[in-house]
Each structure stands twice: as C-alpha cells, then as structure tokens.
Amino acid sequence: MNDTNGAGVLPASAARPPAAAPATPPFVTSGLTTAEVALRRAQGQGNDAPLPENQTYGQILRRNLLTFLNSVLTMIGVALLVLGRVNDAVSTVGIMAINVLVGTVQELYAKRKLDRITLLTRPIATVVRDGQERPVAPGELVTGDLLVARAGDQLVVDGEIVGIGRLELDEALLTGESDPVVKQAGDQVYAGSSCLAGGGRYIATRVGAASLARQLTVGARAFRQVRTPLQREIDVIIRLLVLLVCQFGFLLGVASRLQGIPLVESVQIAAVVAGLVPNGLILTISAAYALGALRMAGKGALVRQANAVESLSHINVLCLDKTGTLTANRLTLEVVQPLGAPEAEVRALLGAYAASTTNGNKTIAAIGAACGPPDAVWRITHDVPFSSARQWSALAVHDGVQGGIYVLGAPERLQTALVPGQDYQPCVDAWLARGRRVLLFAYRAGLAPLYDAGNQPCLPDSLAPLGLVSFRDELRPEAAATLAGFAAAGVQLKVISGDHPDTVAALARQAGLGPALQTCTGADLDGLTENQIARLAAETTIFGRITPAQKARLVRALRASGRYVAMIGDGVNDVLALKEAQVGVAMQSGSPAARAVADLILLHDSFAALLPAVREGQRILNGMTGIFRLFLTRIAAEMLVILAVAVLAVPFPFVPTHISLLTLLTVGLPTFALAVWAKPGPPPGQALRRLSRFVIPAAWTLAIAALVVYLPYIFLHAATPHARTALTVTTILAGVLLIVFAAPPVRLLACGEPAQRDWRPAALAAMMLAALALILRSAAWRGFFALAALGPGDYLWITAVTGAWAAGLNAIWWTRAFERFLNLEDKSPH
C-alpha cells in the first residue's frame, strides 16, 4: 500500500481534516444565486484568468536576428550587393543567416511544446445554483460555487468537500502518485484530480490563477534558456572580439578616408574586419550538440535542448525522486509472518482480500501476485478504502466461516484496536530498519460497523492479529551502478521525494548511497530563510514529504550556492523543479508536462543513460579545445597581419572571398570533423593556459610568415593581386598544418602534450590541401575566389616559408620558449 498517496507533495491540508469543523455556509445545499455569482464575478473572483503568453514569435525572431553583429554584417552585405560584389556579399552574410535560422528554429520548437502544456482538459462542470444542478463551462465558475463530482468527472477548481459524500480521486496529474486517494467532508480537493469512484459536492475555494493546477501550468509554460559554461565563455570571447573589431574597423575607416581608398575597396575592408568575429564558432557548437544528441538517442536518451548534453558534463549535484528513478515503481511482497494462524491460511486470506476489494493499488497488486488467485471471492457488505490519513483499509465479509471484519494497515495505527497478547514490535522494527513497508493483517469475527454516525470510517475493536506482511520497493537493476558512477565522478546526489524520509533513506542505502545519510522533511523547510535553506540543502542527502514548491525552492537554493544542478522527475509535481535546474531530465513514462519542460528525456525510463550523456558532454568539451585553437589562431594571425600592413601603409591584404576560402578549408570543415572525432574523458585542467600556450606562438609566428610572403610582392613587384593570392595560399597551408598540431597523431607533433593517436585529422588535412590544389588549378574556381595565377617559383617560395614556420613553431612548443620568455613556467614542486 503506497504510503504517500499524494501526501507530502500537495499542501499539508490535503492529507488531514481541519482541526475544527467550519461553520456551514447557508448555500451548501442550494448553491449560490445568480445574483451572487454576478457580484463575485464583478469582484474578480471568476475562474476565467487567461494563461500568460510565454514568449511571442516576434520576440523569438528579434532576439536571434537583431543583434549588433548581425546588423553590421547585414549592412556590409547589402553595400557589397549594391556595388556588384555578389560573391563577397554571400560570403559575408551566409554563416550569419545559418546561425539565425538554427537559433530561431530551436526556440520556435520549444515555444510550440510549452504552449501545448495545460493540466486541465477543460471539461463541463456541474454546479448547483439557485438550488438546481446545471452544466456550465469552467470559465463561468466563481469562488464559493457548489459543484457536484461523480465518477469519471475531472475537478476543475480547488475546493473543500461538504456533506456526506465520499470521493476516490486520482491525483496523479498533480502528485505523480497513481494510487487513489479517498476524500470526505472537510478534505481539500484540487483541480486536475479525476474522480474514480463515489460522489459528492465541494465548494470552490480557489479559482483561476489561484488554483494549484493553474500555478503549476504557468510555471511549466514559462520560457527558460539556460546557457552552458561553454556558451558563456564563447559569448565573452565574441563580445571581446566585437569590441576589438569595432575599434579596428574605426581606425581602418579613418585611414581609408585619409588615403583616398575607393568605396568598393573600403566596403570590402569592412567586410573582412567584421568577418574576424567568429560566427562560424557558434555554428560549430550547434553541430557538435546535434552530433551528441544523435549519439545519445542510440543510448537511451532523447535530447530536447541541444546544450543539455554539454551541461551534463558540468553537473556537480544530481537531484532525483525515489519513485521511477531509484525504484521501478513496483512493490514486491517479501515476507508473510503469521501471528494467529498458519502461514498458508494467512496467505489464502490475503489473496481473497486482494481479490475482493474494489480499491486496487500497488500494495493490493503485490498481495494478489504473491498470494492469489483465491479459491473464491468474498461477498462484501461494506468496505473502507485505503487513505494516507488513516493508513488502513477494511472489508466487512458476509461469507460463512470466513465472515467478519478484515483490516489491513500500518501496525501503529491498528495497535489500539487489537486484543492484547501479541508482541510483534521487534519484527516490525527490524523490517523498518531495512527499508521495508510493513502492514498488519487483522481479523474480527462477526460484523461490526465500519462507519460512525457521521459517515466517517471507524476502526472496529477486538481485532486479532493474523500476520505481518513486509513489502520492498523494487530497486532498478541499474540504480546502484549508476549512482556509483556519479559518486566516482564527484557528483553529489540528493533524493527529493514525497515519501517518508526514513523509507527513502533505507532505499538509498540499498542503492549504495552510504550508511550515514542526513534527512529532513518538508516541515523542516517551513519558516527558513533562503540562506538557511541553502545550508540545509548542501548538508542533507534525503528530503521527504516535500511539496512541488519546496522541490523548486531546494533546487533554486542549490543553484544560488554555486552548484550546477540536474533534476530528474516524472510527474507534474516535478515540473517547477525541472525548470529551476540547469538540466531538467524527465522519464519517458512521465507526465506530458514534465516531458515538455525537460531538456533530456530518458527513454525506457532508465536513468543509467545519464552516464553516457556525461561522457558525450566531455567529448564535446574536448573537441572544442582543438576547435578553439584553430579559430583563435586564425583570427589573431589575421589581425596581426592587418595591423602590420596598416602601419606600413601598404594595400589591404585580404578580400572577403579570400577570407571565405580560408575559413572553409582551415576552420569550416575541419572543426566539424574534430567535433565528430573527439574522445570522451575528463577535460584537462588549466584550459586557458593550454589555449594561450598554443594560440599565441602560433598566431605570432604565422603573422610573421605571412608578411614574409606578402611584402616582397608589394615592395618589389607592386603586384597586389598576386600578393594577396600568395598570402591567402600561405595562411591556408599553415591553417591546414595547424589541424594536425591541434589533434596530433604522434608525440613529435603534439606541441609538448600527449598525442591523440588518431590519424584521421592528418588525413583530413591532406584532403584540404588536395581541395586547395584543385581550386588553384581551375581557372573558374580561381575566378570565383578572386585568386591570381601563380607560377611554380611562387609556390616553391610559399612552401619553403610555410615549412620553416611549422618547424620553428614546433621547436618553440617543445622548448617552451614562450613560457620561459614570459616567465610562465610551472615551478611548483612535483
């Protein structure tokens, strides 16, 4: 018997009757009058509050399109187009357009999913007004309306049951727990619950935006965009480059005016300078995310937010619910301990009890599986369904020798109604210590009332114990290995559940979380400040009896304290927490709302797929190391060359089509391949130092080599087209060699770092060289990229300079000349 049944995940008032019966309003039997309804609607107490729009299509388009860099590139592209430079215009705005398209499509997809979230199906409600029952649309209800609920109805507002009715409600949409919950006079009910059996009336207490379902829906529909550490770092790099490029472009523009450079060439210079901002880097990351998502789909996880794969490699706190993650959401009857009859007879009676009750749940199913099928089904005169508030159920059997009252419930709740003489507490304590659920099965000969004069369930006295029954939650077979894997990776685990914390802690120990686990309940969080909750969240492992709002508050507190948090959930009660976490993970069998807001969905409901996801995130980060090296080296070298020619007052060294060819062969296609071929594993430390150790010497020496090739053509031959072509070929050759240096197959080329033992990047470099050779041999392609025809002597000179550059750069890396010159060597003791 599920001991939660929604308790602990809804407000406390839902699980217990009020301390004192409230005064009965005069309209309980007749409902409101039409005049009272009109007055309350005029006072703003209607149920027609519209759901807020999470974001508009226009906002999405503006956020992706109207950026500073996009505006600059678009204006330059239009100017080039007006001046007849079609190829230059296409190369200037092409990558920008792809970036805008990818970002817009991703956000439009997320918006459509969020807009579909609604927890209520908006059925017709039955309301009592002017003493008559009538059907109305939910939007016509007001606070204080008297509503009728029958089997099959969905409750459309929050309220309180009045009168003698009794409802069996399915609150799974709100709590994630599928066991029926019995509600009677004085109990709170919530919109979104479904009536499985019984009937009764309830007064609307919270309508519109105040209802629990509406609050959860608004939270679920709210748009969120979590940027990963890698995305934030790239954003910083791009913003810095934008500042440099703006200053650079301003100075070059002034120089162009002073030197009388023609308008067409000035616009080309602006396009080249604007192209120094690495738009392609964003596109490469998107491609790496897409590749990781494809790999994850084959390993049991569906990625809904592309950056979630990378985010998982950063998490240091993983929050999860017990049901559906640690456990398989199934109970197994483990032991029947007879007390007043032989075990075989007790099992037979339990089997008959399970087959005869009309209120099935996981506990009854477990009993039926272990003790059934019975010889016959009992004839029932009365029954009391299980309630988490009572923690017992009963059947009144009118069936010959087996007739009487049978009760199944928590031992401590039945204790006062038992005949004295049985000492079973040591057995109960031992089972509870092992994390088992324990129920007592008792019997009383002869029939007795199960309800008092007020139609409230009452426990009959003189019950004789028949036996104790222990159940265990079935742990997922992969739970222990997965938790051990996260622990080994340094990820803290937090179990946040609606169950009792002691039960959750025992299961967590079985799954290998450790013997000493600090626990707390939702009541412990009440009245605490945000700082106090943050400290409690950091120190505690097991949280029990937690409401949806408290789950979200815990996750928010962990994030505020600097943790990178992932949250696993499956019910609507997990939606708010899923949205608060940096990474929201839902089960495939979870509620539609949970799946809609999640970044990652675990197919087959196995959270063992998270470990491969972490490795995919590591693969992306490791691949981005080489990609950063290539992009930043190219940009820095180009800026140094442009700065040098500006100082020397010689013609500008690049045109936009040359930059497009250089980008395509050195960082366009190669970076996609590096992302595909990257290996998983913890990213090496000192990332910034390792990056600068590669980029600064490479860019500095490449700029020198490029000028060595470029300047003789200018000063000796005054051949600007040939100079620009020679410079372009030199930088492409060097950029292709940098692919091998960034992913070295042997240690000799590994710039003083471990080799990757992968020859595919070297083969890719050879293919890029072959593509360059084909372009240079074709007059049509040379014309498309504005390249001049060079002679054999030119190519020999370019090859010699590039080879000398590669050898010198490798020597600088191996001798650590850069670090020694700047006094950056690691002198810490080993």
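Some values worked out for this structure:
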| item | result |
| --- | --- |
| Some residue of region 738-753 being modelled with pLDDT under 90, surrounded by 15 or more Cβ atoms within 10 Å (Cβ to Cβ) and more than 23 Å from L632 (Cα to Cα) | no |
| Matching option when the condition is hydroxyl-bearing (S, T, Y), open to solvent by less than 40 Å² (accessible area, probe 1.4 Å) and farther than 20 Å from A817 by Cβ, among T701, T728 | T728 |
| Unique match (being open to solvent by 20 Å² or more (accessible area, probe 1.4 Å) and at pLDDT 70 or above) among V181, V236 | V236 |
| Single residue of L318, L333 found to be touching a Phe, Trp or Tyr at 6+ places or on another chain (Cβ under 9 Å) and open to solvent by 10 Å² or more (accessible area, probe 1.4 Å) | L333 |
| Of residues in region 549-581 being open to solvent by less than 10 Å² (accessible area, probe 1.4 Å) and part of a loop (DSSP other than H, G, I, E, B), the one farthest from Q492 (Cα to Cα) | G571 |
| Within region 460-488, considering residues that are under 26 Å from the mean Cα position of the chain (by Cα) and small (G, A, S), the one farthest from Y406 (Cα to Cα) | A488 |
| Given (1) in contact with a Cys (Cβ under 6 Å, 6 or more places away or on another chain); (2) open to solvent by 70 Å² or more (accessible area, probe 1.4 Å); (3) not hydroxyl-bearing (S, T, Y), index of the condition W813 fails | (2) |
| Test: T720 is open to solvent by less than 20 Å² (accessible area, probe 1.4 Å), of a type in the set (S, T, N, Q) and in contact (Cβ under 8 Å) with a residue 40 or more places away in the chain | no |
| Number of positions in region 657-676 that are closer than 21 Å to Y710 by Cβ and in contact with a Leu (Cβ under 7 Å, 6 or more places away or on another chain) | 3 |
| Of all residues in region 369-390 being closer than 19 Å to E168 by Cβ and either in a helix (DSSP H, G or I) or among the hydroxyl-bearing types (S, T, Y) (or both), the one that is farthest from the chain's Cα centre (by Cα) | T381 |
| Candidates L513, L466, filtered to the one that is within 30 Å of Q337 (Cβ to Cβ) and either open to solvent by less than 10 Å² (accessible area, probe 1.4 Å) or not in a strand (DSSP E or B) (or both) | L513 |
| Leading residue by the ranking (surrounded by the most Cβ atoms within 10 Å (Cβ to Cβ)) among those in region 754-801 that are among the β-branched types (V, I, T) and farther than 26 Å from A675 by Cβ | I798 |
| Matching residues, region 527-548, being free of Cβ contacts under 8 Å to residues at least 40 places away in the same chain and either surrounded by fewer than 19 Cβ atoms within 10 Å (Cβ to Cβ) or part of a strand (DSSP E or B) (or both) | G527, L528, T529, E530, N531, Q532, R535, L536, A538, E539 |
| Scope region 780-830; condition charged (D, E, K, R) and modelled with pLDDT of 85 or more; matching residues | R782, D794 |
| Members of region 418-441 found to be more than 42 Å from the chain's Cα centre (by Cα) and aliphatic (A, V, I, L, M), listed by number | L418, V419 |
| One residue from V419, V401, V397, V438 being in contact (Cβ under 8 Å) with a residue 24 or more places away in the chain and surrounded by fewer than 18 Cβ atoms within 10 Å (Cβ to Cβ) | V419 |
| Where G490 falls short, out of the listed (1) assigned to a loop (DSSP other than H, G, I, E, B); (2) of a type outside the set (V, I, T); (3) touching a strand residue (DSSP E or B) at 6+ places or on another chain (Cβ under 8 Å); (4) open to solvent by 20 Å² or more (accessible area, probe 1.4 Å) | (3) |
| Candidate set from region 114-158 (those that are assigned to a helix (DSSP H, G or I) and open to solvent by 40 Å² or more (accessible area, probe 1.4 Å)); member that is modelled with the lowest pLDDT | D115 |
| Residues of region 791-811 satisfying the condition of being of a type in the set (A, V, I, L, M, F, W, C) and within 18 Å of R777 (Cα to Cα) | L796, W797, I798 |
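Conditions tested, residue by residue: (1) in a helix (DSSP H, G or I); (2) under 30 Å from L408 (Cβ atoms); (3) modelled with pLDDT of 80 or more.
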{"residue": "R295", "(1), (2), (3)": "yes, no, no"}
{"residue": "E310", "(1), (2), (3)": "yes, no, no"}
{"residue": "T325", "(1), (2), (3)": "yes, yes, no"}
{"residue": "T332", "(1), (2), (3)": "no, yes, yes"}
{"residue": "A341", "(1), (2), (3)": "no, yes, yes"}
{"residue": "V346", "(1), (2), (3)": "yes, yes, yes"}
{"residue": "L350", "(1), (2), (3)": "yes, yes, yes"}
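The values are calculated or read from the model by the stated rules, or taken from the named source; none is laboratory data. Being a predicted model, the structure only gives us computed values, none of them experimental. Don't worry about glycine lacking a Cβ; one is built from the backbone with ideal geometry, like all the others, and counts go over all protein chains shown. These accessible areas exclude ligands, DNA and RNA; they are computed on the full protein's heavy atoms, side chains included. Shrake-Rupley method; radii C 1.70, N 1.55, O 1.52, S 1.80 Å.
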